[in-house]
Amino acid sequence: MKIMKFFEIKKSDFEPIKSFKMKDNLCPDVWDGFKIKEDIREQLLTIGKDFFENIDIDAKLIDITLVGSLANYNWSSKYSDFDLHIIINFEELGSDIKFIIKFCDYAKKIWNREHDITINGFPIEIGLQDEQNLIESMGSKKMGGVFSLTNNKWIKKPEKVNFEMNSDLIIDKSKTIMMIIDDVEVELNKGGDYYKMDNELSKAWKKIKDSRKSGLELEGGEFSVCNLVFKLLRRNGYIEKVIKLRKKLYESNFK
């Protein structure tokens, strides 16, 4: 499949890069200094407990935590969401950890797909996390601030990070993936070869996942170029575009 849509990538597709800049304070719509606003905490706790009760698993609820940009200095009024992690011990669910992780991912996907809740304009994202994984993530560069909503205190306070963002490199790496996705969209509308399109989308999806993993684990964590590429593709809609194209491509194979 030839690259043909380079000229259609718009300047606005890279606008979210501006949101990666660090702020001087935590989001004032959520925090008073380092203290979370009580009405927000109560709403988030209610949502977290409802999620946990509805999935009906045989494990103890250890904590409900707020992580992500709204627990850090890199929040954005346009792109941030409340990232709730329900902390449990995966081993209480059995010995097949791979299956447990898949189950937890599925439970997260279903809840987030079926609910459209916002607090102070910020959407809610919610999922399950293993307690040991949380501890390991906090000890590495994978995770910034972590706030315990259950205990109303910081487990790990966020730190201001001074970093120089390489916008040109982020744009360059993102373009490569975006062009593949756009090409598949054109070919799909033309009724192109299913297997070629499926292969191209799979390659794009792998690049996205590898970029996220490499950025967090190997290249400096949350503010690495690769992780910011992932964030850009999520914020400019290209990750959602891949998901929709994969669904449409699959369905087209049966027509």
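The values are calculated or read from the model by the stated rules, or taken from the named source; none is laboratory data. What you see is a predicted model; the values in this text were computed from it and never measured. Ideal geometry is used to build each Cβ from the backbone, glycine not excepted, and the neighbour counts take in all protein chains shown. What goes into the accessible areas is simple: the full protein's heavy atoms, side chains included, and nothing from ligands, DNA or RNA. Shrake-Rupley method; radii C 1.70, N 1.55, O 1.52, S 1.80 Å.
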Per residue, how much accessible area does the chain have with a 1.4 Å probe, in Å²? 57 Å²
Computed over region 1-115, Cα set: Rg, Dmax in Å: 18.7, 54
Heavy-atom accessible area of the chain with neighbours in place, 1.4 angstrom probe: carbon+sulfur share in percent works out to 49 percent
Going toward the positive end of the dipole of the chain, with +1 on Lys and Arg Cβ and -1 on Asp and Glu Cβ, which of Gly121, Gly237, Leu45 do you reach last? Gly237
Among (i) 15.0; (ii) 15.8; (iii) 13.5, find the value of mean projected area of the Cα convex hull in nm² that was calculated from the structure presented, and write down its label. (i)
Mean-square fluctuation maximum in Gaussian network of the chain, Cα pairs under 10 Å, restricted to Phe90, Phe163, Phe147, hits Phe163
What order do Arg246, Arg212, Arg235 take when sorted by accessible area (1.4 Å probe), most exposed first? Arg246, Arg212, Arg235
Cα-based helix-to-principal-axis angle, 167-190 vs the chain, degrees rounded to 10: 60 degrees
Measure of exposure for Asp193: accessible area at 1.4 Å probe, Å² rounded to 10, is 80 Å²
Using a 1.4 angstrom probe and counting only protein chains, how large is the accessible area of Met22 in Å², to 10? 50 Å²
Any chance you could look up the accessible area of Thr150 with a 1.4 Å probe, heavy atoms only, rounded to 10 Å²? 60 Å²
Summing +1 for each Lys or Arg and -1 for each Asp or Glu, what net charge is found among the other residues whose Cβ lies under 13 Å from the Cβ of Gly94? -3
Using just the helices of the chain, give the 222 nm mean residue ellipticity in deg cm²/dmol: DSSP H runs with n ≥ 4 each add -39,500 (n - 2.57), and the total is spread over all residues, rounded to 500. -15500 deg cm²/dmol
Would you mind giving the average projected area, over all directions, of the Cα convex hull of region 68-151 in nm² with one decimal? 6.4 nm²
Using the Karplus curve 6.51 cos²θ - 1.76 cosθ + 1.60 with θ = phi - 60°, what ³J(HN,Hα) values do you get for each residue of region 123-135, in whole Hz, with x for Gly and Pro? x, 10, 10, 9, x, 9, 9, 6, 4, 5, 5, 4, 4
By accessible area of protein heavy atoms, probe 1.4 Å, what ranking do Leu201, Leu128 get, highest first? Leu128, Leu201
Once the principal axes of the Cα atoms of region 189-248 are found, what is the range along each, listed largest first in whole angstroms? 42, 19, 14
List Ile243, Ile117, Ile87, ordered by accessible area with a 1.4 Å probe, largest first: Ile243, Ile117, Ile87
Go through region 19-29 residue by residue and turn each phi into a ³J(HN,Hα) via Karplus (6.51, -1.76, 1.60, θ = phi - 60°); whole Hz please, and just put x for glycine and proline. 7, 7, 5, 6, 9, 7, 9, 5, 4, x, 6
Per residue of region 64-81, what does 6.51 cos²θ - 1.76 cosθ + 1.60 with θ = phi - 60° give for ³J(HN,Hα)? Whole Hz please, x for Gly and Pro, Karplus curve as stated. 10, 10, 10, 10, x, 5, 7, 10, 9, 8, 9, 6, 9, 5, 9, 10, 6, 9
Output for region 107-236 (equivalent-ellipsoid semi-axes, sqrt of 5λ from the C-alpha gyration tensor, Å, descending) is 32, 21, 14
